[in-house]
Amino acid sequence: MIKYLAVIVKVVLVQFLLWGLVCCQSIDSTSLKPDIPVYQDYYVVYNKTQNITEVKATFRESGVTGVRITLFGDSRVRFNGEAEKEYSILSHYFYSWKTNGFKDVDVVYTKNAGTHFDHTFLVQLAPMVNFANGFSSLYLDGENVFTWQGGAIDTGESIWLTIRQNEKMTLYSVSTRGAVSLKIAKLKEDGLVKGPAKVELLRKHRFNSLKMNDGGVGGQVTYGTVIEKDIIIQ
């Protein structure tokens, strides 16, 4: 049994190390040849509860599955004229920026001294979503059917519901076109208990094109609207 457990531990460690290598792999923009196109990926989030706008960006060599690029030298990204607030190779998006209020954001990606791409992301394109009137609780046992305000899911859209309680967190999502509700399994099986909890409702809409792309490799922008609420699990 001990040898068996040791083998399992080794396999898990190897998988974790491989994931880390893939997750964190990146190349320096100064080593990128000018004729190599760059795929641009942006995420624009409007948080209704916190009243903030957040924009994230990551850049990939050659296409959507390419290695992510760390910007150095003449290469940079600016959000309404400002540099990123945070940079991390441990997240999907290397670069992030936020500001108070709901605002249109002009993002300029400079590939090199002679090439840049300018995008304006508009508040009006953010998907509409809110909690259904009267929503204040979920049942610990039995199935919950969660509905939202904002209409049925359209092509390219998805709904994400995160439930947090103390150190526990569970996530549910639906992306089926035409869906108007989300089924939630027994919360008890996810380790939750009766009492206060916080839920986060997120609606995303992804557009698989950008007005300005590099070398025809395309790009994408995902708009998200998020709202939070305190509830009771009963």
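The values are calculated or read from the model by the stated rules, or taken from the named source; none is laboratory data. None of these values were measured; they are calculated from a predicted model. Glycine also receives a Cβ, built like all others from the backbone with ideal geometry; neighbour counts cover every protein chain displayed.
Some points to look at:
- Leading residue by the ranking (surrounded by the most Cβ atoms within 10 Å (Cβ to Cβ)) among those in region 54-72 that are within 17 Å of the chain's Cα centre (by Cα) and in contact (Cβ under 8 Å) with a residue 60 or more places away in the chain: VAL55
- Considering residues of region 155-168 that are farther than 17 Å from VAL226 by Cα and modelled with pLDDT of 95 or more only, the residue farthest from the chain's Cα centre (by Cα): GLN165
- Scanning region 25-67 for residues that are touching a strand residue (DSSP E or B) at 6+ places or on another chain (Cβ under 7 Å), among the polar types (S, T, N, Q) and not in a loop (DSSP other than H, G, I, E, B) yields a count of 6.
- Any hit, region 74-86, residues being more than 25 Å from THR49 (Cα to Cα) and modelled with pLDDT under 95: yes
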